Amino acid sequence: MNEAAYGALRASAALWAGTSVLITNQRGQVLIQRVGYRPTCLLPGGAVDKGESPAQGAARELKEELGTTATVNRGLVVDWVSPAGRTTPPAMKFPGELLHVFDGGVWDKDQIAAIRPAPGEIEAVEFVEPANLPALMSPGDARRALSALRARISGAGPAFLEDGLPIAPTVLDRVGVLRTARARHHFPFHPVPVPEDLTVRQSWAWTFAPDGRVLVLLDPDSGAACLPGGTPRQAGSPVSGATRPPPSCFAAASVSCRGRPTSEDARPVSSRRDGRTVCSSCARGVQ
């Protein structure tokens, strides 16, 4: 086969390339866009231009669609979408596509306030709960966004998908983390010792692997994650609650924990106070 024939063969198998960005707020809600040309919502992103890398395309799309500048250098997902994996008009002759999802980070109030949606293209931008993505996005887009969020949480590197499904599912995928609504309560963290005269009714353990990931337990029915612990087995003993064995049906996973406590903070402290309950946070070093 000569060079021209080889080039023609490779061109005949060419795929489209697309790119998008996963952005969350400080409560873990995902940024989605409502656009005028589709009935479902999208992550920020679009087609990769000729001669452009997927990361460059992602940064360009953020500028064009949201009016913001951001460094995009961490990949979360690469998804191979087959010709049958998307419904498109026959005239498009859709050959399949490689879609990249990059981590846009956790945005604070100032970054969110700086968003300027592209007029005529982006009708609205909002942050939504991960469990609501399947109702707002197309099935493939929702699966891809949730896989990207799980890849960010696990911290184990990018996930590789085929038509939105991971080819090597992690425990987070198998259990379906984030597929159900999260608890709406947000309890404040109190980095102080538990008052001596306050009864400890619930306690959980922050346990860290050497690489900084934190241990969580996953409910097999809902996919909800929680720290190990519960009601103390001995009255007044936070450690007895934090070290109690979990239900045998629960799965365990080590996930990325950004801003984790330092060794100076690795001691029992009050982590929640709602008038009824104070939780203890304790001990690093267990995976």
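The values are calculated or read from the model by the stated rules, or taken from the named source; none is laboratory data. Keep in mind that what you see is a predicted model, and the values were worked out from it rather than measured. Quick reminder, even Gly has a Cβ in these numbers, built from the backbone with ideal geometry, and neighbours come from all protein chains shown. With ligands, DNA and RNA removed, areas are computed over all heavy atoms of the protein, side chains included. Shrake-Rupley method; radii C 1.70, N 1.55, O 1.52, S 1.80 Å.
Rounded to the nearest 0.05, what FRET efficiency do Ala8 and Phe189 have when you use their Cβ-Cβ distance and R0 = 51 Å? So the FRET efficiency works out to roughly 0.25. Take the alpha carbon gyration tensor of region 39-177, find the square roots of its eigenvalues, order them as a ≥ b ≥ c, and report rounded if a/c is under 1.5; if not, report prolate when a/b exceeds b/c, else oblate. Because its axes are fairly even, with a/c under 1.5, region 39-177 counts as rounded.
Applying the Karplus relation 6.51 cos²θ - 1.76 cosθ + 1.60 with θ = phi - 60° to region 74-88 yields 3J(HN,Hα) values of 10, x, 10, 8, 10, 10, 8, 9, 6, x, 8, x, 9, 8, 9 Hz, where x marks Gly and Pro. Whole-Hz Karplus values for region 54-65 come out as x, 5, 5, x, 5, 5, 5, 5, 4, 5, 6, 8 Hz, taken residue by residue from phi with 6.51 cos²θ - 1.76 cosθ + 1.60 and θ = phi - 60°; glycine and proline positions read x. Scaling the Cα radius of gyration of region 151-194 by the globular reference 2.2 N^0.38 Å produces a ratio of 1.71. Sorting Asp141, Asp79 by solvent-accessible area of protein heavy atoms yields Asp141, Asp79, largest first, with a 1.4 Å probe. Apolar share of the accessible surface for region 133-234: 59 percent from carbon plus sulfur atoms, 1.4 Å probe.
In the context of the full protein assembly, Trp16 retains an accessible surface of approximately 100 Å², using a probe radius of 1.4 Å and ignoring ligands and nucleic acids. Once the chain from Glu121 to Arg27 is taken as fully extended at 0.36 nm per residue, the excess over their C-alpha distance is 31.1 nm. When the surface is traced with a 1.4 Å probe over the full set of protein chains, Val72 keeps roughly 20 Å² accessible. Spin-label model, Thr87/Val128: points 7 Å from Cα along the beta carbon direction are separated by 1.8 nm. Which distance in Å, rounded to a whole number, links the C-alpha centroids of region 109-155 and region 21-36? That distance is 3 Å. Under a straight-distance cross-link criterion of Cα-Cα below 16 Å, which lysines are reachable from Lys50, leaving out those fewer than 8 residues away in the same chain? Filter leaves no residues.
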